[in-house]
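Quick notes on the structure that follows.
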Amino acid sequence: MSCLMCRASASRTRITMVGTRVRIAAPTYAGNNLITMQTLPTGQKIKFKRLGVGSENENDRESKGMKRTGNIYDKIISIENLYAADANARKGKKHQYGVQLFDKNREEKILQLHESLKNKTYKTSEYKTFMITDPKPREIFCLPYFPDRIVHHAIMNVMEKIFVSTFTADTYSCIKGKGIHAAVRSFKKALVDKQGTKYCLKLDVTKFYPNVNHDILKYMLRKKIKDVDLLILLDEIIDSAPGLPIGNYLSQYFANFYLTYLDHWIKEDKAVKYYFRYADDIVILSDNKPYLHAILADIKKYMQEHLKLTVKKNYQVFPVEYRGVDFVGYVFYHTHVRLRKRIKQNCFRMISKNKNRQSLASYNGWLNHANCINLKKKIANEKV
């Protein structure tokens, strides 16, 4: 439940195959720098600042900590790292057909993958796609275990620390050591300041993953990475599907990275004290309702101008005391925390129809962070 990939995996009983994806052509580059003027599919043109994606103060942030990193590609394609990537990619999947097929010639295929990456001949395989309907309709993209999923894990074995180093402390999705329960702890801590958290601004992005702009993402990557070979590989993966394909291991990190300059701008330029982001779900708390409306207007402008994204129209500004804040599966009040209604319903459905030890343990973990005494007792009394 901690990320879109997990939700997709949990919902595979309700899927419809819808076909495959056609590769998208890569944009034009001058050396390893993205040309500053690019034409979008709509015919609209966007112009990037040479040194910053957002405000001018981002240049100061880059000099303070967001330094460019090089000499990465050789580490990623090393035989040792490819074996480690295979070990990570197969966790919980050893009985899948793709893994079993790969294991018939494991050493030979690892060497084959190393050579294709070394010679720059690796190309992303064709995607298979299917639809899920829970919690809402989404198109899920799937790549073969070999070579693609191994390549994605090989990249993240090396790049994860680099990506995470750019994130603020206020983003929680798909980051080791953070996730939903870390967000819950931070949110509860903020709500101790009842006066400073009287009002809430809650928003998310319209079709975030499909609407991530490739040109902007590549430009951001060039602000952080100077290894040309790695940039070529990342460009090829980015251009293999529209937006960010839900289901790709790399997509969750690209998604966090795409919004990280927004995070820094909100925390540092706008000096917002209580800010929380999980994927594209954003919550800001304050003691001032007009202030939250002003911040909302600024965020809308920033997203449109610098990220080519739009805030979904169902944004809300409301008093926490009367409604509670629905965030990361819980509803938060100053005095208590409730489990989101849909998760509670799923829990009861599991108990009555498909009870198993692993699911009971999972829901018990959810309940430990909420005030749900009766539901905890019911799960504690269940026998598998």
Run the Debye formula on the Cα coordinates of the stretch 304-384, all scatterers equal and no solvent, and tell me log10 I(q)/I(0) at q = 0.17 1/Å. -0.75
From most to least accessible, 1.4 Å probe, no ligand or DNA/RNA atoms counted, T129, T69 line up as T69, T129
I need the Debye-formula profile for the stretch 162-292: one equal scatterer per C-alpha, no solvent, reported as log10 I(q)/I(0) at q = 0.09, 0.12, 0.19, 0.23 1/Å, two decimals. -0.30, -0.52, -1.11, -1.45
Going by average Cβ neighbours within 10 Å, how do the peptides 76-87, 116-127 rank, with the highest at the top? 76-87, 116-127
Listed here are the pairs K273/K301; K91/K202; K176/K300; which of them are more than 31 Å apart at the Cα? K91/K202
If the convex hull is drawn through the Cα atoms of the stretch 241-303, its volume per residue in Å³: 89
Accessible area (Å², per residue) of the stretch 238-304, counting only protein heavy atoms and a probe of 1.4 Å: 29
Dipole axis of the stretch 114-244 (+1 Lys, Arg; -1 Asp, Glu on Cβ), positive-most option in T129, G177, F141: G177
Can you tell me how much longer the chain between K273 and T168 gets when fully stretched, taken as 0.36 nm per residue apart minus their C-alpha distance, in nm with one decimal? 36.5 nm
Stokes-Einstein D for the stretch 176-247 (4 °C, 1.567 mPa s, Kirkwood Rh from Cα pairs), in µm²/s, comes to 82
Any aspartates and glutamates whose Cα falls less than 13 Å from that of K93, other than same-chain ones fewer than 8 residues away, would be D103
Could you give the distance between the Cα centres of the stretch 328-344 and the stretch 144-201, to the whole Å? 20
Using only the Cα atoms of the stretch 214-365, build the gyration tensor, take square roots of its eigenvalues as a ≥ b ≥ c, and label the shape rounded, prolate or oblate: rounded if a/c is under 1.5, else prolate if a/b is larger than b/c, else oblate. oblate
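The values are calculated or read from the model by the stated rules, or taken from the named source; none is laboratory data. Given the structure is predicted, the values throughout are model-derived calculations rather than measurements. Reconstructed Cβ throughout: ideal geometry from the backbone, glycine too, with neighbour counts over all protein chains shown. Keep in mind that these areas ignore ligands, DNA and RNA; they rest on the heavy atoms of the full protein, side chains included. Shrake-Rupley method; radii C 1.70, N 1.55, O 1.52, S 1.80 Å.
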